[in-house]
Amino acid sequence: MKIVIVGGVAGGMSCAARARRLDEAAEIVVLERGEHVSFANCGLPYYVGGEITDPGALLVQTPASLRAALDLDVRTRHDVTGLDADRKVVTVNTPDGVAELDYDALVLAPGARAVVPPIPGIDSPRVRTLRTVEDALALRDGVEAGARDAVVLGAGFIGLEAAEALAHQGLNVTIVELAPHVLPPLESELATLVTAELAALGIDVRAGVAATAIEPAGGRDAVVLADGSRVPADLIVLSVGVRPDTAAFEAAGVACERGAMLVDAHGRTSLEGVWAVGDATASVDAVTEAVRPVALAGPANRAGRLVADAILRPEQARPIPAPLGTAIVRVGSLTAALTGANRAALDAAGLEYVTLHLHPNQHAGYYPGATQIHLVVHVRAQDGLLLGAQAVGTDGVDKRIDVLATAMRGGLSVTDLIDLDLSYSPPYGQAKDPVNLAGMVGENVLNQTLRLWYAEDLDAVREQALLLDARSATEVATGAIPGALNIPHTQLRERLDEVRAAAGGRPVRVLCASGVRSAIAHRVLTQAGFDSASLSGGMLTLRATLGDRATALLAVGA
């Protein structure tokens, strides 16, 4: 058996290593167009920022180490430019010229290329991506050469990591993002928190605006924006997205959708004897069933292993699971993480869902250092099936999103979260963990014990209902919605006639700081005959949803 693998790093090298463990006699050849076949691409921003000081630490394996450990024939600077599936050969540009290489099984793991927008000046020598070791070295060299100003085009995960790294090195950093907010997959009410943290780091965020040109300006560049402003730059990091690097294989007959190779449950392409893994393949979304590439290292690594099984142990091979897209990023003191579908994806798929907002502490409130986790959970309306979750906070975010991702993989509903037996000690969590609390809130919503209203509906609610603020007078003085009736939840039972008179037959929509006290008030009102609902996530979510508008809208009193 001769297995040829095109591309290293995550998917390709995982496949090669597993194939060797399954078959000591197989001839396994890995063809990598770059200089490095196995490097820590997720660690590149941390080298640029100086947290990783040794560039050698970025090299996970070398051709020599892979030969010694796994007897793999790894050939760097070998770029596959053609495929003839009938003859079972690939065409390769090598340092010694063009050659053909035959195979019995071919695995395509070419990865993705950075999207390069068609704007004037994008070919400036000061423009870099951050996808290879060479990119990281060049950016670090620019920093050490005295760069003062940097512009990051794109505020996705890599863009934010690059911006933080450059700010950590003392540069003035501006992020330019075409979407309305940073981290576009993140819900807007959570992205607002990330934007505030970027500002605290001294990073200037320009969201909802496009870069239209890059122009030379006195030995530097100026990035011209659609609003007419110009941002000086000694370094420009291009991070506006990636596209599958599949042109040669699509031309050879591999079926693709929008450039991503279509594969079956075991990674087989449309061509006999040809498999594919990683960023260049189209995956079926586990929640919405949308077909799209998922450019994440974890799914690529796992898929590479399973493709090796499919080639060498087909009768035992498990199918490649549909990815949930679980991802995480550090931004200053905050962590933002997500799994499953967001509102935009759910709306596009036409799914009916309910959104839950919670702001629990990451560990017991009486133990020093308690901080809030801002948690959003989407559940299917008819049965509470978990559809997606996102969280932002300074501590404990990774644990909760990983638990929720595991629950989603297991097909659990939101009510199942109540019964999860999670570890508890005051320094680590609460007796009712944030995940358990999400289950409790979800169950209350599904069985109509709790009815929610949402911050994005504020204008309509103000026109049609009485707003009841269940916070204390001291809290209200820090900012309140004009016209809202303030009755602390502890006084509500004795003041129901006051609410009835103010409502005048209108619905009552209750709010508090985080949604806990308003839920209590809602139960009082509902059982007293009112048409009531509680603001999901309370004023914390309202302020984050309103963003800049909050300052102008919320009245502050003495």
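The values are calculated or read from the model by the stated rules, or taken from the named source; none is laboratory data. Note that this is a predicted model, so its numbers are computed, not measured. Cβ: placed from backbone, ideal geometry, glycine included. Neighbour counts: every protein chain shown. Surface areas here come from the heavy atoms of the whole protein model, side chains and all, with no ligands, DNA or RNA. Shrake-Rupley method; radii C 1.70, N 1.55, O 1.52, S 1.80 Å.
Observations, loosely collected:
- Applying the set (1) among the polar types (S, T, N, Q); (2) part of a loop (DSSP other than H, G, I, E, B); (3) in contact with a strand residue (DSSP E or B) (Cβ under 6 Å, 6 or more places away or on another chain) to GLN382 leaves exactly one unmet item: (3).
- Selection from region 119-140 of residues that are under 19 Å from GLY8 (Cα atoms), among the aliphatic types (A, V, I, L, M) and not in a helix (DSSP H, G or I): LEU130
- For region 426-448, filtering for residues that are open to solvent by 40 Å² or more (accessible area, probe 1.4 Å), under 21 Å from ILE401 (Cα atoms) and assigned to a loop (DSSP other than H, G, I, E, B) leaves 5.
- Annotation: of all residues in region 401-424 being surrounded by 24 or more Cβ atoms within 10 Å (Cβ to Cβ) and under 21 Å from the mean Cα position of the chain (by Cα), the one that is farthest from LEU190 (Cα to Cα) is LEU404.
- All conditions in (1) in a helix (DSSP H, G or I); (2) over 13 Å from SER518 (Cβ atoms); (3) touching a residue at least 24 places away in the same chain (Cβ under 8 Å); (4) out of contact with any Lys or Arg (no Cβ under 6 Å at 6 or more places or on another chain) hold for THR474, with the sole exception of (3).
- All helices (runs of 4 or more DSSP H) inside region 492-558 with 3 or more residues being within 38 Å of the chain's Cα centre (by Cα) and modelled with pLDDT of 95 or more: 516-527, 538-546
- Odd one out for LEU306 among (1) within 30 Å of GLY12 (Cβ to Cβ); (2) under 18 Å from the mean Cα position of the chain (by Cα); (3) of a type in the set (A, V, I, L, M, F, W, C): (2)
- Considering region 79-129, and only residues there that are under 23 Å from VAL30 (Cβ atoms) and of a type in the set (Asp, Glu), the residue that is nearest to the chain's Cα centre (by Cα) turns out to be ASP79.
- Scanning region 29-63 for residues that are closer than 30 Å to ALA105 by Cα, open to solvent by 50 Å² or more (accessible area, probe 1.4 Å) and of a type in the set (D, E, K, R) yields ARG33, GLU35.
- Within the set GLY142, GLY154, GLY170, the sole residue that is open to solvent by less than 30 Å² (accessible area, probe 1.4 Å) and either within 17 Å of GLY50 (Cα to Cα) or not small (Gly, Ala, Ser) (or both) turns out to be GLY142.
- Just one of (1) within 21 Å of GLY537 (Cβ to Cβ); (2) in contact (Cβ under 8 Å) with a residue 24 or more places away in the chain; (3) not aliphatic (A, V, I, L, M); (4) not in a strand (DSSP E or B) fails for ASP347. It is (2).
- Only one entry of ARG462, ARG493, ARG451 meets the criterion of being open to solvent by 60 Å² or more (accessible area, probe 1.4 Å) and touching a residue at least 40 places away in the same chain (Cβ under 8 Å), and that entry is ARG451.
- Restricting region 119-138 to residues that are among the hydrophobic types (A, V, I, L, M, F, W, C) and over 15 Å from SER239 (Cα atoms), the residue that is least open to solvent (accessible area, probe 1.4 Å): VAL133
- Which listed residue, of ILE320, ILE328, is of a type in the set (A, V, I, L, M, F, W, C) and part of a strand (DSSP E or B): ILE328
- Taking region 382-405 as the range and being closer than 15 Å to GLY429 by Cα and in contact with a helix residue (DSSP H, G or I) (Cβ under 9 Å, 6 or more places away or on another chain) as the test, the residues that pass are GLY393, GLY396, LYS399, ARG400, VAL403.
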